[in-house]
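Q: First, the structure itself, so that you have it in front of you.
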Amino acid sequence: MAHDHTPAHGGHDEHGGHHVMPLSLYWGVFFALVIGTIVTVWSATIDLGALNVIVALVIASVKALLVVLYFMHVKYASKLTWLFVASGFFWLIIMLVITMNDYSSRGWM
């Protein structure tokens, strides 16, 4: 009977092998995401004026980065994967800048 040597937790490294990540790292990222969610809800109860949207977007971006790096295993992925992830974040930043420019130029603010 052959054994499958695929690790239960981990991603691929640059050479196509698996990078084993400890379960404690996954739990740490999970708790960071939970804390980020709590901070997002808490910050929504505080009147920061126009900064409410910016604070929420920054927290959401940090949480998305944690998910991409650790749960999607991009941290240990190839350079090509990093290029595609970086280009996705680049376009996200462009879209957020355009959206915030439109949002801040509205007369009802």
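Q: Inside the stretch 87-106, can you point out the residues that are surrounded by 12 or more Cβ atoms within 10 Å (Cβ to Cβ) and of a type in the set (A, V, I, L, M)?
A: The answer is 92, 96, 100.
Q: Can you tell which of 2, 50 is under 27 Å from residue 103 (Cα atoms), modelled with pLDDT under 90 and exposed (fewer than 13 other Cβ atoms within 10 Å of the Cβ)? So that I can check it myself, show each step before the final result.
A: Working: 2 fails: under 27 Å from residue 103 (Cα atoms).
Criteria check complete, one pass: 50.
Q: Sticking with this structure for a sec: Hey, among 87, 78, which residue is within 30 Å of residue 22 (Cα to Cα) and touching an Asp or Glu at 6+ places or on another chain (Cβ under 7 Å)? It would help to see each step written out before you state the result.
A: Working: 87 fails: touching an Asp or Glu at 6+ places or on another chain (Cβ under 7 Å).
Answer to the check: 78.
Q: Across the stretch 59-81, which residue is nearest to the chain's Cα centre (by Cα) among those that are surrounded by 13 or more Cβ atoms within 10 Å (Cβ to Cβ) and more than 21 Å from residue 27 (Cβ to Cβ)?
A: 61
The values are calculated or read from the model by the stated rules, or taken from the named source; none is laboratory data. Keep in mind that this is a model prediction, so the values were computed, not measured. Cβ coordinates were reconstructed from backbone atoms using ideal geometry, including for glycine residues, and neighbour counts include every protein chain displayed.
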